[in-house]
Amino acid sequence: MSSAPYWNPFDHAVVDHPDPAYRVLRDDAPVYHNADVGFWAISRFDDVLQAHTDVETFSSARGTTIESSDPDQPFLITKDPPLHTWHRKIVSRVFTPRRIGGLEPFIRAKAAELLDPHVGSAGFDLIEDFSILLPLAVISELIGLPEEIRGDVHHLCDAFAARADGVAIEPEEAGKAMGELMALLSGVVADRRAHPGDDVVSLLIETPVVDDDGNERFLEDHELGARFVELAFAGHETVAKMIPNGVVALAWYPNQRAELAADPTLLPNAVEEMLRWDPPSQYQGRWTTRDVELHGTTIPAEQRVVLITGAATHDERRFDEPELFDVHRHIERHVSLGFGNHLCLGAALARLETRIAFEELLARFPEYDIAPTGVTRAYSSNVRGLGNLPIVV
C-alpha cells in the first residue's frame, strides 16, 4: 500500500532519496498540490512532456523555480514567445555546431590537465578537483570570461543556488549573490564595449536583433549581463553535477563501467542514460495562464506548477525498470535538458563535455571506488547533485 503523497524539494531528506516520493506521486497523485509551500506538480513522463510543449498554458514568465514569481526578470529562461524566440535566436549564435565542435581539443586537453596529477595517487575529490573545474573552464573559454574572475563566478553561482533545509523562498544571501554576479558580468560587458575583441561577448554586443515587429536594435547592457549570468550558471553548474552523478552510477554498476572503459564508443548512449537516471535539473517551474484539467483534477489559473523531471525520467509507463542504470538502454526522448522552446541551449555542449570527461577519466582510472567517508550533498533550488565525492583509485 502506498504512503500518503508528500514532496517538498526543499526537504533535504526528500532530496537525498527522491525516488520513493516520486513513485508515490506518479501512482497516487499525478497532479499533486502542496498547499504549505504553494505549488502544484505533475510527475508522469507524458504529462511533463506535454506541459513543456504547451507554452501558452504553462508559462515561464514568472520564473522556473518554485520561489520565483517576478514577471519582469531579465533572463531568457523566464521569457515566453515572442520575446523568447528572438532573444534565443541571438544567444544561439554562441552554440553553433562549428563553435561547439571546435571546443573538443580544448575540453580534452583540460580534462587531461586536471586528471593527470592524480595518476598513481590514492585518490582525489572528483568534484573539487575535476567536475567543477572542467565545465567552468569550458564555458569561460566559450564566452570569454577572464581567468581572474572565474573562481568568483563559481562561488557566486553556488551561493545563489544554495538552499537551507526546509527553506522554500529565496534567502537573502541568494539575492545578494545574484546581484554581485550580475555586477561582475556586467563589468565584463562594459569592458568589451570599450575594448571589443574576437570573443562571444563582443559578438553579442555587435550583433543586431530583429524583434517580431521588424524593429532592429542591439541588446542593452542589462540584457547582455543577464544572458551571461545564464550562460555562466547553466554552462557549468549542470555539468558539474551530472559528471559525479554518472561516476556514482558506474561505481554501483562496475560491470557497465568495465564495458565503457573497454569500448568508449558506448559512451554517447551512456551519457543519455546518465541524464535519465539522475538528471542534474530535477524540476522546472511554470505558471498556469488558464485552468488545466488533468487526471480528474483541475489546476486553477495563475498557479505555480512544477514539472518534475526527476520523476518523469523514472516513469515505468515510459521506461522499463527505470531504477536500473543501463548503458545499452534505448532512449527515444527524455526531458532531462528541457524540451520544445526551452530545450537547453547548451545541450550539445553538455553532452560533449560529459562524454569527453568519461573518456579521459576511464582511460586513466578504469577501476575506482567511492571513499567510505567524505561524500556530501549540495542542496539547491532545483539542481540535484553532490558537493564532495572522494574516490579511491
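Taking the range 16-41 as the range and being out of contact with any strand residue (DSSP E or B) (no Cβ under 6 Å at 6 or more places or on another chain) and of a type in the set (Val, Ile, Thr) as the test, the residues that pass are Val24, Val37.
Residues that are modelled with pLDDT of 90 or more number at least 1 in the following helices (runs of 4 or more DSSP H) confined to the range 18-115: 19-28, 45-53, 104-115.
Only one of the numbered conditions (1) closer than 29 Å to Arg384 by Cβ; (2) at pLDDT 85 or above is not met by Ala194, and that is (1).
Quick check: anything in the range 289-302 surrounded by 15 or more Cβ atoms within 10 Å (Cβ to Cβ) and under 24 Å from the mean Cα position of the chain (by Cα)? No; the residues of the range 289-302 include none that is surrounded by 15 or more Cβ atoms within 10 Å (Cβ to Cβ) and under 24 Å from the mean Cα position of the chain (by Cα).
Examine the range 116-137 for a residue that is under 25 Å from the mean Cα position of the chain (by Cα), farther than 24 Å from Pro244 by Cα, of a type in the set (A, V, I, L, M, F, W, C) and part of a helix (DSSP H, G or I), and state whether such a residue exists. No: the range 116-137 contains no residue that is under 25 Å from the mean Cα position of the chain (by Cα), farther than 24 Å from Pro244 by Cα, of a type in the set (A, V, I, L, M, F, W, C) and part of a helix (DSSP H, G or I). Among all residues of the range 258-274, there is none that is loosely packed, with under 13 Cβ neighbours inside 10 Å and in a strand (DSSP E or B). Scanning the range 316-339 for residues that are over 17 Å from Tyr253 (Cβ atoms) and in contact with an Asp or Glu (Cβ under 8 Å, 6 or more places away or on another chain) yields Arg317, Arg318, His334. When Leu362 is tested against (1) touching a strand residue (DSSP E or B) at 6+ places or on another chain (Cβ under 8 Å); (2) aliphatic (A, V, I, L, M); (3) under 22 Å from Asn269 (Cβ atoms), exactly one condition is not met: (1).
Residue pairs whose Cβ atoms lie under 8 Å apart, sitting 6 or more positions apart in sequence or on different chains, and linking a residue in the range 52-74 that is within 22 Å of Arg163 (Cβ to Cβ) to a partner that is of a type in the set (S, T, N, Q) and at pLDDT 85 or above, are Thr64/Gln284.
Reported count of residues in the range 341-379, each being under 14 Å from the mean Cα position of the chain (by Cα), at pLDDT 95 or above and hydroxyl-bearing (Ser, Thr, Tyr), is 1.
Comparison of Thr238, Thr298 shows that the only residue that is among the hydroxyl-bearing types (Ser, Thr, Tyr), closer than 27 Å to Asp46 by Cα and not in a helix (DSSP H, G or I) is Thr298. Determine if the range 146-162 includes at least one residue that is over 21 Å from the mean Cα position of the chain (by Cα) and either surrounded by 13 or more Cβ atoms within 10 Å (Cβ to Cβ) or at pLDDT below 80 (or both). The answer is yes; a qualifying residue exists. Within the range 204-228, restricting attention to residues that are modelled with pLDDT of 80 or more and among the aliphatic types (A, V, I, L, M), the residue that is farthest from Ala348 (Cα to Cα) is Ile205.
The values are calculated or read from the model by the stated rules, or taken from the named source; none is laboratory data. Predicted model, so just to flag it, every value in this text is computed and none were measured. Virtual Cβ from ideal backbone geometry, glycine too; neighbours counted across all protein chains shown.
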